[in-house]
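Heads up, the thing below is written out as structure tokens.
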Amino acid sequence: MKKLNKQNIIRQAETFLKCTEDYQHRKSCGYDENFKIDLVLAKENTSDKDEVIAFAQCEDMLMDLELHRNEAIVLDMAWMSFDVICEYLSSGYKIVDMSLDFHGGAWMDIDEYGIEDISKDSLQKYLKYCKQHGITKAKLYEQADYRGEDIMKYYQKEKHPFELER
């Protein structure tokens, strides 16, 4: 099977979102704001939409999009905790795309609650994603109203076997 690329995964999630009853209802009623995708996760090396999960946000609601079940669940909350993201990262999922607002919320969680109860592996996967995609305190301050500490201080660059410790 052919591996899905990032844009195809995001497109599948957006298409699924736009077909949900809640999205269609808001659209037909002329609401100013509708759900938008804020987080897309996929199993490593996926070749199937069955391995894609997304979350969309609108006002104070969060929609969990389970593409493999053809199911969308609206939750009465505007944010999910960073613990939930870590659970997915621990289960073999990777972040395909994440909005700056969601990053801001994740950084607030980490800043407020610390890293003691977070899986080190999941935290490092998340911080590596941030590093690779230019997610910084300055960027979140400017574009997502984040006012906490710089959590990149917890990032530990992976050591390659050929690198000697000093």
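The values are calculated or read from the model by the stated rules, or taken from the named source; none is laboratory data. Please read these numbers as outputs of a predicted model, since none were measured by experiment. Quick reminder, even Gly has a Cβ in these numbers, built from the backbone with ideal geometry, and neighbours come from all protein chains shown. Just the protein is used for accessible areas: all its heavy atoms, side chains included, with ligands, DNA and RNA removed. Shrake-Rupley method; radii C 1.70, N 1.55, O 1.52, S 1.80 Å.
Among the residues of the stretch 74-90, write down those that are over 14 Å from the mean Cα position of the chain (by Cα) and not β-branched (Val, Ile, Thr).
Leu75, Asp76, Met77
Select from the stretch 25-60 the residues that are part of a helix (DSSP H, G or I) and open to solvent by less than 80 Å² (accessible area, probe 1.4 Å) and write down the one among them that is modelled with the highest pLDDT.
Within the stretch 25-60, the match that is modelled with the highest pLDDT is Arg26.
Only one residue in Ile95, Ile85 is in contact with a strand residue (DSSP E or B) (Cβ under 8 Å, 6 or more places away or on another chain), at pLDDT 95 or above and under 27 Å from Cys19 (Cα atoms), so which one is that? Walk me through it before giving the result.
Working: Ile85 fails: at pLDDT 95 or above.
Answer to the check: Ile95.
Could you please let me know if Glu71 is without any contact (Cβ under 8 Å) to a residue 12 or more places away in the chain and more than 13 Å from the chain's Cα centre (by Cα)? Steps first, answer last, please.
Details: without any contact (Cβ under 8 Å) to a residue 12 or more places away in the chain: yes; more than 13 Å from the chain's Cα centre (by Cα): yes.
The answer is yes for Glu71.
Filter the stretch 106-129 for residues that are more than 22 Å from Glu51 (Cα to Cα) and either among the aromatic types (Phe, Trp, Tyr) or touching a strand residue (DSSP E or B) at 6+ places or on another chain (Cβ under 9 Å) (or both) and give the result.
Ala106, Trp107, Tyr113 - these are the residues of the stretch 106-129 that are more than 22 Å from Glu51 (Cα to Cα) and either among the aromatic types (Phe, Trp, Tyr) or touching a strand residue (DSSP E or B) at 6+ places or on another chain (Cβ under 9 Å) (or both).
Within the stretch 128-156, which residues are of a type in the set (Gly, Ala, Ser) and open to solvent by 80 Å² or more (accessible area, probe 1.4 Å)? Break it down stepwise before answering.
Let us first name the residues in the stretch 128-156 that are of a type in the set (Gly, Ala, Ser), namely 134, 138, 144, 148.
Matches in the stretch 128-156: none.
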